[in-house]
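Note sheet for the following structure.
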Amino acid sequence: QKEDLQAAAKTLQDTLTELTEACKARFLETFESVREKFQEFAPQLYGGGSGDMILLDPERPLESGVEISVRPPGKKLKSIDLLSGGEKA
């Protein structure tokens, strides 16, 4: 029974590793797609300028936060949190 439990535990661990890698790959693929669309959309939203999204911890994308930064025309690049209420809207 002990050997059966050890084999089952290894199978579960292998499955978890596979799922984690699949989730990581799918997340990064989706994140890059959304990032590209955001980079296209931000200038339309602000009538120029630029926007970007970056992972705060690219080594651990599934646990990482995402920073959204924009640069409206004629302004410095900054985090979306630092924009005025009107610019956020």
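The values are calculated or read from the model by the stated rules, or taken from the named source; none is laboratory data. Predicted model, so just to flag it, every value in this text is computed and none were measured. In this analysis, Cβ positions are derived from the backbone assuming ideal geometry, glycine residues included, and neighbour counts consider all displayed protein chains. Areas reflect the complete protein model, heavy atoms only, side chains present, ligands, DNA and RNA absent. Shrake-Rupley method; radii C 1.70, N 1.55, O 1.52, S 1.80 Å.
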If you take the residues of region 16-52 that are aromatic (F, W, Y) and out of contact with any Leu (no Cβ under 9 Å at 6 or more places or on another chain), which of them is farthest from I68 (Cα to Cα)?
Y46
Taking region 54-65 and keeping only residues that are free of Cβ contacts under 8 Å to residues at least 24 places away in the same chain and either surrounded by fewer than 13 Cβ atoms within 10 Å (Cβ to Cβ) or assigned to a strand (DSSP E or B) (or both), one is left with I54, L56, D57, P58, E59, R60, E63, G65
Is it the case that region 19-35 has a residue that's modelled with pLDDT of 95 or more, assigned to a helix (DSSP H, G or I) and of a type in the set (F, W, Y)?
yes
Qualifying position, being β-branched (V, I, T) and over 18 Å from the mean Cα position of the chain (by Cα), among T20, T15
T15
With the checklist (1) over 30 Å from K75 (Cα atoms); (2) of a type outside the set (D, E, K, R); (3) open to solvent by 60 Å² or more (accessible area, probe 1.4 Å) in hand, flag the one item V34 doesn't pass.
(1)
The condition from (1) over 13 Å from the mean Cα position of the chain (by Cα); (2) part of a helix (DSSP H, G or I); (3) not aliphatic (A, V, I, L, M) that G74 misses is numbered (2)
Restricting attention to region 41-53, does a residue exist that is within 18 Å of the chain's Cα centre (by Cα), open to solvent by 100 Å² or more (accessible area, probe 1.4 Å) and modelled with pLDDT under 95?
yes
